[in-house]
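*Asks:* For reference, the structure I am asking about is given below.
The values are calculated or read from the model by the stated rules, or taken from the named source; none is laboratory data. Here the structure is a predicted model, which is why all the values come from computation and not from measurement. Cβ placement follows ideal geometry from the backbone for every residue including glycine, while neighbour counts extend to all protein chains displayed. Note: areas computed on protein heavy atoms with side chains; ligands, DNA, RNA excluded. Shrake-Rupley method; radii C 1.70, N 1.55, O 1.52, S 1.80 Å.
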Amino acid sequence: MNTEDFVSGTAGVRVTGLGVSGPSGQFVAPFDFSIAGGETLALIGESGSGKTLSAKAIAGLLPIGFSAEGRIQLTSGAITLPASDAIWRATRGKRISLLLQDPFTSLSPVHRCGMQIGITIAASRDGKISRQDIQTQVVERLTEVNLPADVARAYPHELSGGMRQRVAIAAALATDPELLIADEPTTALDASNQGEILDLLRRLQVSRGMAALLISHDLGMVRGRAENVLVMRHGEIVERGATSRVLRAPDHPYTRSLIEADPSLTGRAAPDALPISPADFLVTATEVSKAFGDKVVLAGVSVAVGRGETVGIVGESGSGKTTLARCIAGLEHESGGLIEFDGVALAPGRASRTPAQMQIVFQDPYSSLNPMMNVGKSLRLALSVARRPASDVPGLLDLVDLPAEFARKRPAELSGGQRQRVAIARALAVRPELLICDESVSALDVSVQKQILDLLVALRTELGLSMMFISHDLAVVRQLADRVYVMRDGKVVESGSCQQVLTNPSHPYTQALVEASLHPPATQTV
Amino acid sequence: MTDTVAIVLDQAPKKRFRLPLEVLLSLVLLGAAALMAAIGTLIAPDATSQSILDALLPPGSPGHLLGTDELGRDVLALTIAGTSSALVGPVIVALGSMLLGILLGTIAGYVRGPVDFLIGRWTDLLFSLPMLLAAIVVAGVFGAGYWMTVVLLIVLFSPSDIRIVRAGVLEQAARPFVEAAQMLSLSKARIMFGQVLPNVSSLIITNAMLNVAFALVAFSSLSFLGVGVPAGSADWGRQLTDGRSIMMDNPAAVLVPALLIIGVACAANLVGDWLGQTMTRTGRV
Amino acid sequence: MTTPLARASRARPLGRMLVVRVLGTVAILLVLSVIVFSMMHLAPGDIVKNLLGNRPSSPEAAAAIRAQYNLDQPLYMQYLIWLGNALSGDFGQSIRMQDSVTNVIGARLPITAALTSVAFVLSIVVAIPLGVQSAVRSGSWIDRFATGFGIVGLSAPTFAVGLVLLYALAFYLPVFPVYGAGSGGLDTLYHLALPGISLALGLGAIILKFTRTAMLRELESDYVTFGRARGLPESQVQRIALRNAAIPIITGASLVLTFLVGGTVLAEATFALPGLGTLLQGSVLFKDIPVVQALTLLVAVVIAVIALLADLAYIFLDPRIRAKEASQ
C-alpha cells in the first residue's frame, strides 16, 4: 500500500486497521488513514463501495448485524473497535460528530431548529448549562453558519434545503468535535447550493482546526476542498494521495476511469450545432403553461426539437423541466399553449398521441420496470403494441448491449444500469421518432452514467433518433446535446447551441449553474 | 444510508425458505379446523339433538368425553358440528369483502374523479360507525339469519379493503412503470388490472387473511349476543352463551369453544402477518 | 421563513378549518340520523305492532301510538319532529321498560362510563410503554412478549377472553366476583376488574401495535441517527422519536374507540353488567326501537366528537400539518 504520510501536525486523527464486517462476511478490508487538525480527507467511492459503512463505523453507528475492527486515535484518547456503548456515548458528539446526507430527514420535523441545536449544546456539557446560556449559544452557532437568529424559532419544513443543511451543520458542530465526518453532505441539494455548503464546511473546519472526513461519490467536487483523498472500491482502498496529485496523475485504472467518466473533469465539449429551419422541427411546444392549483409550474414555455436533433433542457428541481416533458408526452394536461408533432397540433393528454411518436425513459431505474414481470414479458408487451413479433426480444436486448438470457430475469435481479438499459429497450420497441430522457442517468453512479450516455449517443446515430434530454446536470447535457434550453421557475431563461450557452452564458442564472457544475471553485488556500 | 441497504440486499446470502414454528403450528391448527368444518356434520350428525334427557354431565363422563350441556347435548359432538357454522361465514366474509375491495378500490384509486369521491364518502360513513354495533343493530332489528349476516358483514368489512386497495393502487399508479404503460397507449382497464393490480396483490392477500381472523371474531361475537345464528343451532359462539350459566358444572362447555375461537383467530392472524412480511421481503411489492 | 406576521395570519385559516371539520361532522351525523330514523319504518312487521310491543293492541292503543309518533304526518315531517325531539333529549318511550328512553339510558350510563374508562386507562398505561420498549429493544424477550400479547389481544374476542378469565379467576380461583356491578365505590371497581381487563386486552393490543410500528419507523429515521451522532443521550433520542410517533399513536387511540363500543357490549354481556351494552343487546333482541335509535345516535355523536378531537390534536402536534391546513 502506498505510504504517503498525511500527518503534518500533531493534533488530528489517526485510524489504523479500520474494517467492517457484516452478516455475509467482510465489507470493508482494514485500512489506515490519518487526518491532521484543520485538514480534510476525502473518501471517494460509488454506491456500495463501503464508504458510508466506514463512516458509520468511526461514529459507532453501524446498522444491526455489522461490526467494526480497528483503532481510532484522537488527541483526547484512543478507541479500540468494537467499542462498548458507554465508550461511544462518551465519544459521539464531543469528540466525533457525523453530518448526514439528507437535510430533509436528518432534523426532527416537529421540533424547532433552535431546540435541536440547543439540546446538542446541553448534551455536550452534560446538562450543566443554563437555559439563558443555551439561547445565546444557539444564536452564535446560527450566525456562524450565516443564518439569522430567528431561524431558531422555525421548524425545519419552513426552511429551504440549503438552510436546513446549515442548521444541521450548526447542530453537528455544536459540540465542538475533534473530527467531523460529513457523509455526502450536499448530494441531496440543488447544484447552486452545493458549492456554498461545501465552502462553508471548509471554512468552519479550517478556522476551528478541526479534522474532517468528507465522504463523496464525486471526485470532481473535492478538488480544492480536501488536502488528501482515498478512493474506495468494493470495500478496498485502491488509491490514496494528495488531492491534486490524484486528480492530475492517478495511479489506479479505476481512479482514472472515474476521472474520465466525470464530465466536469474532462471538459469535452459538444460540437457547434447546425442551424435548423422551422420546417425541420419534429416537435414544437409554444407558450405552454401549466398550474397545479395555485402553483404555476410552467409560465409560457416554448421549445422545439428538430428532426435528428438532441435538445437538452436544464434546470434545477422545481424549474418545471420535467412537467414540460410530461406535457409533451401527454402524461400531464397542459393548461394552455400549443404542442405540435410533425406540424399537427396535439390535444392535451395521451389520447391524441400514438406510442410510435414518442417514448420516455424515466429517472428512477428501480421503479420504471414492473417488478412482477420479467424483462422478456415487459419487452414483449411493448413489441406487441407496435405489432412486432416476440422473436424481436433478443435483437432489442442486443441493441442495448444486454445478452439474450436477460429476457428471463426479473427486475429485482438487475443492477440500476441494467434496468435503465431495459427501460431504453422497452422505449425503442415501438420505434419512436422522439425519445424523451427525463433525468435518465441522474440516479446512476458516475461510471454507469457514462456507459448509459455512450449507449444513448450510439443509438441516436444508429437509429436516427430525435432526443429531448432533461437534466439538472449541465455537465451531463453537454455530452450529448446539440442545443440547450435553460429553465428556471417555469420559464426558459436562456437557449442556444450547447457550445455557446456553456462557454458564454448570458443569463446570470446560467452563469451560476455553469460555475457550480463545471468549474469547482478553488477554495482558500490552507 | 441507501448505500448500506443496497449492499445488504445485494450481498445477503439467499436464505432458504423457512417456516417459523408458530406459523407452522398455526397452519396445522387452521388445516385441522378446515377439515372439521368440512366433515364435522358427518362425524357428529345428531349433535344438536338431545342424547340424554335433561342430564348435565361433567367432562370425562363415560361416552361423553367433554360432558354434556344443560339440554343433554354432547359437548364434543356439538363443538365438532359447530365448526362449519363458525368458520364458513368468516371465510366468505373475508373473500367477499376482498372482491368488493378490489373492485371499488381499484376503480377509486385509478379512475379518481367523482367516482372516487362517492366511494370515499361511502367508506367514511361506514367507518364512522363501530362495525360490531352496526352489525348488532341491523342484524338484530331486522332479525337477520346466517346468510343475511354474512352479507351484512361483507358490507361492513369492505371499507377497510377498499381503502387498502385504493392506497396501494394510488401508490403504484404514480410509479414510472405505469406511466411507461401509458406511453404504450394501453387501455385503462388493461393498465389497471394487468400492470397495477398484480403489484398490490400481496397487500390484498395479507389483508384477506387478517380479515378471516376479524370476521371470525365478529361472527362469534354476534352469535354470542344471540344475533345472526338461530338459537339451538351448533355454533361456537352460541355454545358460549348457552354454556355460561353451567360453567360450575361443566366448564368444558364454555372453555373448549372459547379456546378454539381464540386459537383459530390467533392462527389466522399469525399467518396473515407472516404472509405480509414474507411477501414484502421477497420484493413482490 | 416565518415572520411573526405570518404566524398571526394563521389563526384565521385555523378557525376556518375548525368550522369545516365541524360542518363535516354534522353532515355525517345528519346522514346517520336519517338512517337511524328509518330503522323504525324498515324493521320487519307492522310499525304500530312493533311500537306497541307486548301491550294489548286495542284500536285505542293503536290510535295513541299513531298520535304519539305522528304516523299520519308525511314521512319528512315525522323525521323532522323526531329529530327536533331527539335534539332536545327526548327519544320517546322505551317499549320494553315503559319508561322514557332518557331515563333508561341515564340509569345505565355510569356503569358503562366507568367500565370504558377503566379499560381505556389500563390499556394506555400498559400498551404505550410496552410498545416503546418493544421497539427500542427490538428482538429482545420483551419484544417477543409484546408481539405475542399483541397477537392474542388482537385476535381473541372480548367475550371469549372474558369467559376464560371468569372461569379461572372467579370460579376456579375465586379471587374476583362472578357477576354484577357491586355496591358502588371501591366495590364497583372490584367488580369491574375482570370485565375491564378483558376489554383492555383488545384495546391495548391495538394501541401496542400502533405504538411499536410508529416507534420502529421513527427510530430508523435519519434524525435519530443524527441525534446519536451528535452525542445526545439515548433517553433524549427516544423522547424525540416518541414525540414524532405521537400522531400515529393518537390515531390508534382514537381508532380503538370504535372497538371499545363493540367490546363494551360483549364485556357487559359476559359479566352481566347492567350498562348500556346489555341495554343495547336486550333492546335489539326485544326490538325496542326507540332505545336502539337513541343508543346508536349517542355512540355516533361520541365517536364523531372524538374523531374531531383527534384531528385537532394532529394540528397541535405537527407543525407541517398546521402549515398545510393554513395554506389551504
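*Asks:* Just in the range A:344-443: which trypsin sites (Lys or Arg not before Pro) are loop by DSSP and have at most 13 other Cβ atoms within 10 Å?
*Replies:* A:Arg387
*Asks:* Divide, for the range A:393-448, the radius of gyration over alpha carbons by 2.2 N^0.38 Å, where N is the residue count.
*Replies:* 1.14
*Asks:* Let me ask something else. Give the whole-number value, in cubic angstrom per residue, of the convex hull volume spanned by the C-alpha atoms of the range A:88-131.
*Replies:* Value for the range A:88-131: 82 Å³ per residue.
*Asks:* For chain B, what does the relative contact order come out to in percent, with C-alpha contacts under 8 Å and a separation of six or more?
*Replies:* 25 percent
*Asks:* Spelling out what I want: for every residue of the range C:132-148, take phi, set θ = phi - 60°, compute 6.51 cos²θ - 1.76 cosθ + 1.60 (Karplus), and round to whole Hz; glycine and proline get x.
*Replies:* So the Karplus estimates, Gly and Pro as x, are 4, 5, 5, 6, 5, 9, 4, x, 7, 5, 5, 5, 5, 4, 4, 5, x Hz.
*Asks:* Further question on the same structure: As an exercise, find the ratio Rg/Rh for the range A:365-431 from alpha-carbon atoms, using the Kirkwood inverse-distance average for Rh.
*Replies:* 0.91
*Asks:* Pull up the cross-link candidates among the aspartates and glutamates for C:Lys287, meaning alpha carbon to alpha carbon under 16 Å and not fewer than 8 places away within one chain.
*Replies:* Within reach: C:Asp46, C:Asp99.
*Asks:* Two decimals is fine: what is log10 I(q)/I(0) at q = 0.11, 0.17, 0.23, 0.27 Å⁻¹ for the range A:419-498, from a Debye sum with one equal scatterer on every Cα and no solvent?
*Replies:* For the range A:419-498, the Cα-only Debye profile gives -0.29, -0.70, -1.20, -1.48.
*Asks:* Kirkwood hydrodynamic radius (Cα pairs, Å) of the range A:1-138?
*Replies:* Kirkwood hydrodynamic radius for the range A:1-138: 17.0 Å.
*Asks:* Average the reciprocal distances over every distinct pair of alpha-carbons in the range C:146-291, invert the result, and give the Kirkwood radius in Å.
*Replies:* That comes to 17.6 Å for the range C:146-291.
*Asks:* Same structure again: Among the lysines, which have Cα under 20 Å from the Cα of A:Lys491 when same-chain residues fewer than 8 positions away are ignored?
*Replies:* Answer for A:Lys491, where 20 Å is the Cα cut-off: A:Lys290, A:Lys295, A:Lys321, listed by chain and number.
*Asks:* Can you tell me the accessible area per residue over the range A:365-431, all protein chains present, probe 1.4 angstrom, in square angstrom?
*Replies:* 42 Å²
*Asks:* Based on the Kirkwood radius over alpha-carbon pairs, what value in µm²/s does the Stokes-Einstein equation return for the translational diffusion coefficient of the range A:103-176 at 4 °C and 1.567 mPa s?
*Replies:* 109 µm²/s
*Asks:* Ok, one more. Among B:Gly31, B:Leu197, B:Leu156, whose Cα lies farthest out toward the positive end of the dipole of chain B, if unit charges sit on the beta carbon of Lys, Arg (+1) and Asp, Glu (-1)?
*Replies:* Looking along the dipole axis, the top candidate is B:Leu197.
*Asks:* Could you tell me how many degrees, from 0 to 90 and to the nearest 10, lie between the Cα long axis of helix A:131-144 and the main elongation axis, the longest principal axis, of the Cα atoms of chain A?
*Replies:* 50 degrees
*Asks:* With point charges of +1 on the Cβ of Lys and Arg and -1 on the Cβ of Asp and Glu, referenced to the Cα centre of the protein assembly as shown, which listed residue (A:Cys113, C:Val136, C:Ala200) lies farthest in the positive direction of the dipole?
*Replies:* Looking along the dipole axis, the top candidate is A:Cys113.
*Asks:* I would also like to ask the following. What percent of all Cα-Cα pairs in the range A:326-387 falls into each 10 Å bin, going from 0 up to the bin containing the maximum distance?
*Replies:* Bin by bin from 0 Å, the calculated values are 18, 41, 31, 10.
*Asks:* Something else now. Could you please tell me the mean projected area of the C-alpha convex hull for the range C:208-328, averaged over all directions and given in square nanometres to one decimal?
*Replies:* 10.8 nm²
*Asks:* State, in angstrom, two size descriptors of the range B:72-281 derived from its alpha carbons: Rg to one decimal place and Dmax to the nearest whole number.
*Replies:* Cα radius of gyration and Dmax of the range B:72-281 are 20.2, 72 Å respectively.
*Asks:* I've got another one for you. In whole angstrom, note down how far apart the Cα centers of the range B:116-169 and the range C:233-276 are.
*Replies:* Cα centres, the range B:116-169 to the range C:233-276: 22 Å.
*Asks:* If you average 1/r over every pair of different alpha-carbon atoms in chain A and take one over that average, what Kirkwood value in Å do you get?
*Replies:* The Cα-based Kirkwood calculation yields 25.2 Å.
*Asks:* Pull up all non-local amide H partners of A:Val493: gap of 5 or more, or a different chain, and H-to-H distance under 5 Å with H placed in the peptide plane.
*Replies:* A:Val486, A:Met487, A:Arg488
*Asks:* Rg and Dmax of the protein assembly as shown, using alpha carbons, in Å: what are they?
*Replies:* Rg, Dmax (Cα atoms, Å): 34.8, 112.
*Asks:* Based on alpha-carbon atoms only, what is the radius of gyration of the range C:196-249 relative to the globular estimate 2.2 N^0.38 Å?
*Replies:* 1.37
*Asks:* Still on this structure: Largest first, how would B:Asp74, C:Asp187, A:Asp126 line up by accessible area (1.4 Å probe)?
*Replies:* A:Asp126, C:Asp187, B:Asp74
*Asks:* When N counts the residues of chain C, how does its alpha-carbon radius of gyration compare numerically with 2.2 N^0.38 Å, as a ratio?
*Replies:* Expressed relative to 2.2 N^0.38 Å, the Cα Rg reads 1.23.
*Asks:* Turning to a different aspect of this structure: So how strong a dipole does the protein assembly as shown carry about its Cα centre when Lys and Arg Cβ are +1 and Asp and Glu Cβ are -1, to the nearest 20 debye?
*Replies:* 400 debye
*Asks:* Here is a further query. Taking 8 Å as the Cα distance limit and 6 or more residues as the minimum spacing, I'd like the relative contact order of chain A as a percentage.
*Replies:* 15 percent
*Asks:* Just to make sure I understand: if all protein chains stay in place, what is the order of A:His111, C:His41 by accessible area at 1.4 Å, largest first?
*Replies:* Greatest to least solvent exposure: C:His41, A:His111.
*Asks:* Then there is this: Which lysines have a Cα less than 26 Å from the Cα of A:Lys128, not counting those fewer than 8 places away in the same chain?
*Replies:* Answer for A:Lys128, where 26 Å is the Cα cut-off: A:Lys94, listed by chain and number.
*Asks:* How much accessible area is lost when chains B and A come together, counting both sides, with a 1.4 Å probe, in Å² rounded to the nearest 100?
*Replies:* Buried area (both sides, nearest 100 Å²): 2600 Å².
*Asks:* Looking at the calculated P(r) for the range B:219-285, what percent of the C-alpha pair distances fall above 13 Å?
*Replies:* 68 percent
*Asks:* Over chain C, calculate the relative contact order: mean separation of alpha carbon pairs under 8 Å at least 6 apart, over the residue count, as a percent.
*Replies:* Reported as a whole number, the value is 25 percent.
*Asks:* Hey, another quick one. Quick one: what does P(r) look like for the range C:12-87 with 5 Å bins over all Cα pairs, in whole %?
*Replies:* In order of increasing distance, the bins hold 3, 13, 18, 18, 14, 10, 7, 5, 5, 3, 2, 1, 0 percent.
*Asks:* Run the dipole for chain A about the Cα centre, Lys and Arg Cβ at +1, Asp and Glu Cβ at -1, nothing else charged, and hand back the magnitude in debye, nearest 20.
*Replies:* The dipole magnitude comes to about 980 debye.
*Asks:* Compute and list, largest first, the equivalent-ellipsoid semi-axes of the range B:174-285 from the alpha carbon gyration tensor, each √(5λ) rounded to a whole angstrom.
*Replies:* 46, 16, 7
*Asks:* Another question, if that's okay. Looking at the range C:211-225, which residues lose a minimum of 50 Å² of accessible area between their chain alone and all protein chains in place, measuring with a 1.4 Å probe and not counting ligands or nucleic acids?
*Replies:* C:Asp222, C:Tyr223, C:Thr225
*Asks:* What do you reckon, how do A:Leu214, B:Leu27 stack up by accessible area (1.4 Å probe), largest on top?
*Replies:* B:Leu27, A:Leu214
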